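The values are calculated or read from the model by the stated rules, or taken from the named source; none is laboratory data. From a predicted model like this one, the values you see are computed outputs, not experimental measurements. In this analysis, Cβ positions are derived from the backbone assuming ideal geometry, glycine residues included, and neighbour counts consider all displayed protein chains.
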Amino acid sequence: MRARDIMTKEVTSVRADLSVELAIALMLEKRISGLPVLDPDCAVVGIVSEGDLLARPELGTARPKPGWVQYLISPGRLAEAYARERGRRVGDVMTREVVTASPETPLDEIVDLMTRRRIKRVPIVEGGRLVGLVTRADLLRSLRRALQEAREAPPRDDAAIRTDVETAFVDAGVIPLELIEISVVDGEVGLRGSLTDERQRAAIRAAAESVSGVRAVHDRLTWVDPMSGLVLLSTQEADPRGGTRAV
């Protein structure tokens, strides 16, 4: 999928000369955490977010400045920092270095931008104008739809499901397929065999559950601790005393 497939098209935005008070009121009213800042031509010139408004003298949260800072930082940067903490206009407090993307940007690149830049939203720009916004909430809504569609998928042939489960295990790269016996009956996957590491259990279950048509996964896998000889069962087979037994 691409940005255009999930982006919010009706974006609430503000101008740089809007008061900080009104920008806060707008965020609270719309239940959003940030606002793109546009110039008269609808080009993005900044973003004002909750994070830009946390360090404020009105809250007693402004960052104290050691006296020696003035000798290391230029007067211009000090003035800019002062305005960011005390400004009454959006243009004073907004983040000016804005990361944008195009409507054709793949979602994996959008997520990579969010992760690397530690941002929650990416303005989508086309022809120099704002046309949408991709937020973390947009990604979650898309993920929810995908999970719902997978859950509501029509029944599939058991043999096809088994083949896809094997493929999913191989693609995962961390699952000992040669140690696992897979059976599928009416879309329910049964797993028997051994694990080389107990941490593989969650990966195996996740891989099986990700296959279209799987209705349930029955874990009958065991893991033997090479040091103690304890056998760790799945929670579906564990006994009331804690799910382990000596061998």
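For this structure, a couple of remarks:
- Only one of Glu188, Glu198 that is outside the structural domain of Ile47 (by TED's automatic domain parsing) and either within 28 Å of the chain's Cα centre (by Cα) or under 30 Å from Asp41 (Cβ atoms) (or both): Glu198
- Residue check, Gly34 touching a Lys or Arg at 6+ places or on another chain (Cβ under 6 Å), in the same structural domain as Arg141 (by TED's automatic domain parsing) and in contact (Cβ under 8 Å) with a residue 60 or more places away in the chain: yes
For (1) at pLDDT below 95; (2) more than 29 Å from the chain's Cα centre (by Cα), each residue gets a yes or a no:
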position	(1), (2)
Tyr71	yes, yes
Arg89	no, yes
Met114	no, no
Lys120	yes, no
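- Residues in the stretch 25-42 that are assigned to a loop (DSSP other than H, G, I, E, B) and exposed (fewer than 14 other Cβ atoms within 10 Å of the Cβ): Arg31, Asp39, Pro40, Asp41.
Table: residues versus (1) touching a Lys or Arg at 6+ places or on another chain (Cβ under 7 Å); (2) polar (S, T, N, Q); (3) exposed (fewer than 13 other Cβ atoms within 10 Å of the Cβ).
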| site | (1), (2), (3) |
| --- | --- |
| Thr100 | no, yes, no |
| Val111 | no, no, no |
| Gly132 | yes, no, no |
| Leu147 | no, no, yes |
| Pro155 | no, no, yes |
| Ala159 | no, no, yes |
| Asp171 | no, no, yes |
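- Where Arg56 falls short, out of the listed (1) among the basic types (Lys, Arg); (2) surrounded by fewer than 13 Cβ atoms within 10 Å (Cβ to Cβ); (3) more than 23 Å from Leu139 (Cα to Cα): (2)
- Once the stretch 58-69 is narrowed to residues that are of a type in the set (A, V, I, L, M, F, W, C) and modelled with pLDDT under 75, the residue that is nearest to Met94 (Cα to Cα) is Val69.
- Within the stretch 4-31, being closer than 18 Å to Val93 by Cα and in contact (Cβ under 8 Å) with a residue 60 or more places away in the chain holds for Ser13, Val14, Arg15, Ala16, Asp17, Leu18, Ser19, Val20, Glu21, Ala23.
- Condition broken by Thr222, with the remaining ones in (1) more than 13 Å from Phe169 (Cβ to Cβ); (2) touching an Asp or Glu at 6+ places or on another chain (Cβ under 6 Å); (3) modelled with pLDDT of 70 or more; (4) surrounded by 15 or more Cβ atoms within 10 Å (Cβ to Cβ) satisfied: (2)
- Subset of the stretch 201-222 [among the hydroxyl-bearing types (Ser, Thr, Tyr) and more than 17 Å from Asp186 (Cβ to Cβ)]: Ser210, Thr222
- Residue selected from the stretch 179-194 under the condition at pLDDT below 95 and in contact with a helix residue (DSSP H, G or I) (Cβ under 6 Å, 6 or more places away or on another chain), by the criterion nearest to Val217 (Cα to Cα): Gly193
- Which listed residue, of Ala79, Ala55, Ala83, is among the hydrophobic types (A, V, I, L, M, F, W, C), modelled with pLDDT under 90 and not in a helix (DSSP H, G or I): Ala55
- Among the residues of the stretch 88-114, those that are part of a helix (DSSP H, G or I) and of a type in the set (Val, Ile, Thr) comprise Val90, Val93, Ile110, Val111.
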